[in-house]
Amino acid sequence: MCGISGIVDLSGANRANPELVSRMCDAIRHRGPDGDGFYSENNVVLGMRRLSIIDIEGSDQPLYNEDHTIALVFNGEIYNYRELRADLLRRGHRLTTDGDGETIIHLYEDYGLDLFTHLRGMYAIALWDSQRGRLLLAVDHIGMKPLYLHQQDGLLRFASEVKAIYSDPTVGRGIDLSVLDTYLSFGYMIGEETLFVGVRRLPPGHALVAENGAARLVEYWRFGNGYRPSNSDQSPSVSPLSEGEGAGVRAESAIITHARELLEESVRLHLRSDVPLGLFLSGGVDSASMLGLMSREAQGRIKTFTVGYDARTPDNELLHARRIAAHFKTEHHERVITADDWWQGFERYIYHHDEPNANSSAISLLLLAQETARHVRVVLTGLGGDELFGGYAHHRVVPWLLEMSQRWNSRAVAAPARGLLGALEGSYPTLKRWRIIGALPTYLPRYRHALLPRDESLMRSLSYDGFVFSDALREKLYSPALKAAWHSARHKEQTYAGIVTRSLRDDPFNTAQALVINTWLTGNALLNCDKVTMAASLEARVPFFDPAMLEFAAAVPPEIRMKRNKYVLREAMRPYLPDFALERPKQPFGTPILDWFAHDLRGRIHDVLLDDGAFIRDLFERRALEKLLQTHFNGRAPQVEVVFRLLTLEMWARQFLRVPETASP
């Protein structure tokens, strides 16, 4: 596990600066405190920071092929490296390390850009092929390891974190107004763009090939598009569903058995490590499944780690996690945080995440990662069970929306009803306080979504439009400049339309599954997992996202997958988990910010957002902003999620746009 960075001069003018790449690596030292390494040749410089996990003494980077014509820096882990090494040696390659990264180089020699179908792991790689004059950048299939890009005046800069790119003083800092509405709407970014002008993310399942003075994107993987691993590194017991074995053909019991086999194999591979490892344990079935499977393989007691809260509202997650840990006799650790802890973690989170991302639970995980890193260097997580096996409300709401959108948009009453519900949007926050009308305000946005055309309906639903931001709020709050940028670029609408196109399936439940993966997972959850753990120099592994597991989940017939919440997972894990863990209802992992924002943290938030010099005052209409905050703080129209997104934006701007950042807080 590492952080990587580098520069390639596409113009061929030898402007790649080794000293600058060294500074870029220093900016991400937390990702790899164990050492660094560099490669320099005329128009390219590669750099890395290493967190030593596998082959600790022998796999310092850069890594090379036999004649040193190919160099690699690499962030991540290739879990099937032992099988790959054995096959490469049989085919005559000479390997000088016992690690995983070297296999990537020799696979590239044999397969070129087809090398990725052989890899089971998480990675961001930078490979320089000196004979072709080619730089290959790539991130793993689902985006567990990020890579940021900045291209200007013929120089292509790349790094695991944006702060490394900003080590170059010639890179201007600025906010991209054309995409700001996307962040405010979702609370995170969808697509390739970031809020930093000129900085984008390399999309999951893509490689960027820079050669002959130009750079091009190559898509090598897409969720549900038929992952087929090579015979050399994939055992028959974990092969994905073969063609013709879809709905109505394979028996339900066979699907559940196959899910169990895939998870067993994935966890076994994810436990490969030369340093101590543990598990993030919540009270849910996803992380409990990881623990049940780890208990089959582990030597000695497993270390488990749970986060909870010292708050007015009791935290039942702690109790459930303790019960599961006790069942498996783990060495259990807890991090119980207060409002003050959370705020301090929030300030560190802003620095380490780079991009503004309004995910309150990720801050809790950052604090948990700090505690975990005191005991182990690697941690497995249960992230992915919901996304793959139908654990979210969206997995059922999206099919309903698709049906309603198709049914109602052909009717004459749709437009007037849509207009009426749209006119009420501005009143939603106030209506929520009127208990006499019951839960009606909770349903109004959903019904409005159902009356919209398909792409807009889905976009608004998955961004909780009307529940958080709304058109009524945007029209009042946005400054003329922001409003013009929003209407002109239509970034959110165009980007989401492309996501819908990639996600559409014949069955609406499969569409829902793909949409959640292509928005929330890749734009939010996985980025957070990487950033908050690497802030503590801790490697997080996600066994649910083994490529074979992903392809299997995409092929499970919806009538089986959606029988009830995470039905296939629960049944697959029945031999390994106690009934109390299997039958616990789905419960979201959250934080008590509703209470904290109203009481413990109210003064700090008020001071930040109403500061006369606040950055956001130039982005929004001042009177509208002040009224929104006033009605929020006096309880007339509380809008915690809106306030949190504005607060995150303000703290991000102070950290990255106003003054150069110094050492990590």
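The values are calculated or read from the model by the stated rules, or taken from the named source; none is laboratory data. Everything quoted here is computed from the prediction, not taken from an experiment. Glycine also receives a Cβ, built like all others from the backbone with ideal geometry; neighbour counts cover every protein chain displayed.
Data for the structure
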read-out: Residue match in the range 566-580 (condition: farther than 19 Å from TRP343 by Cβ, touching a strand residue (DSSP E or B) at 6+ places or on another chain (Cβ under 9 Å), surrounded by fewer than 19 Cβ atoms within 10 Å (Cβ to Cβ) and modelled with pLDDT of 90 or more); value: no
read-out: Subset of the range 13-36 that is farther than 14 Å from LYS163 by Cβ and assigned to a loop (DSSP other than H, G, I, E, B) - its residue that is nearest to the chain's Cα centre (by Cα); value: GLY32
read-out: Evaluation of ILE324 against (1) touching a strand residue (DSSP E or B) at 6+ places or on another chain (Cβ under 7 Å); (2) at pLDDT 95 or above (one fails), failing number; value: (1)
read-out: Test: ASP546 is within 26 Å of HIS353 (Cα to Cα) and of a type in the set (Asp, Glu); value: yes
read-out: Pairs, first over 17 Å from VAL532 (Cβ atoms) in the range 22-33, second part of a loop (DSSP other than H, G, I, E, B) and of a type in the set (Ser, Thr, Tyr), C-beta under 6 Å, six or more apart; value: ARG23/SER167; MET24/SER167; ALA27/SER167
read-out: Test: residue in the range 308-322 that is under 20 Å from PHE644 (Cα atoms), part of a loop (DSSP other than H, G, I, E, B), polar (S, T, N, Q) and more than 22 Å from the chain's Cα centre (by Cα); value: yes
read-out: Test for GLU19: is it closer than 22 Å to PRO169 by Cβ, among the acidic types (Asp, Glu), modelled with pLDDT of 95 or more and surrounded by fewer than 21 Cβ atoms within 10 Å (Cβ to Cβ); value: yes
read-out: Single match in ASP26, ASP67, ASP9, ASP34 (criterion: surrounded by fewer than 24 Cβ atoms within 10 Å (Cβ to Cβ) and touching a Gly at 6+ places or on another chain (Cβ under 7 Å)); value: ASP9
read-out: Condition met for GLU102 (touching a strand residue (DSSP E or B) at 6+ places or on another chain (Cβ under 9 Å), under 24 Å from GLU539 (Cβ atoms) and among the acidic types (Asp, Glu)); value: yes
read-out: Any hit, the range 56-73, residues being hydrophobic (A, V, I, L, M, F, W, C), at negative phi, at pLDDT below 95 and not in a helix (DSSP H, G or I); value: yes
read-out: Filtered residue count, the range 44-64, keeping only those that are over 11 Å from GLY101 (Cα atoms), surrounded by 19 or more Cβ atoms within 10 Å (Cβ to Cβ) and either aromatic (Phe, Trp, Tyr) or without any contact (Cβ under 8 Å) to a residue 40 or more places away in the chain (or both); value: 1
read-out: Some residue of the range 473-484 being of a type outside the set (D, E, K, R) and modelled with pLDDT under 95; value: yes
read-out: Of all residues in the range 605-632 being in contact (Cβ under 8 Å) with a residue 60 or more places away in the chain and buried (at least 16 other Cβ atoms within 10 Å of the Cβ), the one that is farthest from TRP342 (Cα to Cα); value: GLU621
read-out: Condition check for ALA553: outside any strand (DSSP E or B), crowded, with 24+ Cβ neighbours inside 10 Å, in the same structural domain as SER266 (by TED's automatic domain parsing) and within 19 Å of the chain's Cα centre (by Cα); value: yes
read-out: Residue within the range 600-615 that is more than 30 Å from LYS163 (Cβ to Cβ), at pLDDT 90 or above, assigned to a helix (DSSP H, G or I) and not assigned by TED's automatic domain parsing to the domain that holds HIS327 present; value: yes
read-out: Tally, over the range 505-537, of residues that are within 21 Å of the chain's Cα centre (by Cα) and not in a helix (DSSP H, G or I); value: 3
read-out: Residue under evaluation TYR39, criteria (1) at positive phi; (2) in contact with a Pro (Cβ under 6 Å, 6 or more places away or on another chain), criterion not met; value: (1)
read-out: Failed criterion for TYR39 (all others in (1) part of a loop (DSSP other than H, G, I, E, B); (2) hydroxyl-bearing (Ser, Thr, Tyr); (3) at pLDDT 95 or above hold); value: (1)
